[in-house]
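The next block holds one structure in the form of structure tokens; read it before the comments.
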Amino acid sequence: MKEQIVYEDNHLLVVNKKVGQLVQGDKTGDESLLETIKNFIKIRDAKPGNVFLGLVHRIDRPTSGLVIYAKTSKALSRLTQMVKNREIKKTYWAVVAKEMIPQSQRLVHYLKKNEKNNKAIVFPKATEGAKEAILTYHVIKALDNYLLLEVDLETGRHHQIRAQLSKTGVPIKGDLKYGSPRSNPDGGINLHARKLEFIHPVTKERIEIIAPVPQNDPVWRACEE
């Protein structure tokens, strides 16, 4: 756990989530990062009582990268409000097949969640029950068979990056749910929550955190070189 913590102070803790880790408990019953971190803090700090830890935002299980947890209720309420107000800037890296796509593009779609198959349905224009989804991507590196995109989110919708890129004709590498032809060996997808920028909810200092990509994936390593 120690090596996954990339930032910590008295108010919050940021981890670099691995592919396959759950940010919080779900119906699978698998242990979540929330529980793992609580246990880690309890032992490390020799805390006699319960450890307070609150999840500020989520990323999908097959995705890697930065997740914020709050260590106090005051930080949790402030950070949750900051997420709602879009005051936390999130930048993602996504690996897609090498296709002829614009070097940079702002994508605007409307997304509706299908609860039955846990998938986002993408509409090109406003549709009843669908929420507006906006992102901007830039191609920042070309590999032999893939492109590395840097993605800035303007909204935070269910499976937003996965669904929007798929609709544009470039599903994320390994993302079978959204049209990738092959899965990745680790069952994950090449989507990584790379960077977080925000004003600290208590100290008011500017925080910028960058997460290294998964080192067990040669494509990711090539992206970071």
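The values are calculated or read from the model by the stated rules, or taken from the named source; none is laboratory data. Because the structure is a prediction, the values reported are computed rather than measured. Glycine gets a Cβ as well: all are built from the backbone with ideal geometry, and neighbour counts include every protein chain shown. Each accessible area value is taken on the protein alone, full model and side chains, heavy atoms only, with ligands, DNA and RNA left out. Shrake-Rupley method; radii C 1.70, N 1.55, O 1.52, S 1.80 Å.
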Leu111 vs. criteria among the hydrophobic types (A, V, I, L, M, F, W, C), at pLDDT 95 or above and closer than 17 Å to Trp93 by Cβ: no
Flag if Val67 is closer than 16 Å to Pro212 by Cα and touching a helix residue (DSSP H, G or I) at 6+ places or on another chain (Cβ under 8 Å): yes
Checklist (1) under 16 Å from the mean Cα position of the chain (by Cα); (2) more than 30 Å from Lys74 (Cβ to Cβ) applied to Arg182, failing item: (1)
Cβ pairs under 7 Å, 6+ apart, first in region 11-38 and under 26 Å from Phe198 (Cβ atoms) and in contact (Cβ under 8 Å) with a residue 40 or more places away in the chain, second assigned to a loop (DSSP other than H, G, I, E, B) and open to solvent by 60 Å² or more (accessible area, probe 1.4 Å): Asn16/Pro212; Val19/Asp186; Val23/Arg58
Single match in Val23, Val14 (criterion: touching a Phe, Trp or Tyr at 6+ places or on another chain (Cβ under 7 Å) and not charged (D, E, K, R)): Val14
Selection count where residues are surrounded by fewer than 17 Cβ atoms within 10 Å (Cβ to Cβ) and of a type in the set (D, E, K, R), scope region 140-183: 5
Selected residue (criterion: farthest from Leu76 (Cα to Cα)) from residues of region 1-59 that are open to solvent by 40 Å² or more (accessible area, probe 1.4 Å) and among the polar types (S, T, N, Q): Thr28
Boolean, Ile189 is aliphatic (A, V, I, L, M), under 17 Å from Ser64 (Cα atoms), assigned to a loop (DSSP other than H, G, I, E, B) and at pLDDT 95 or above: yes
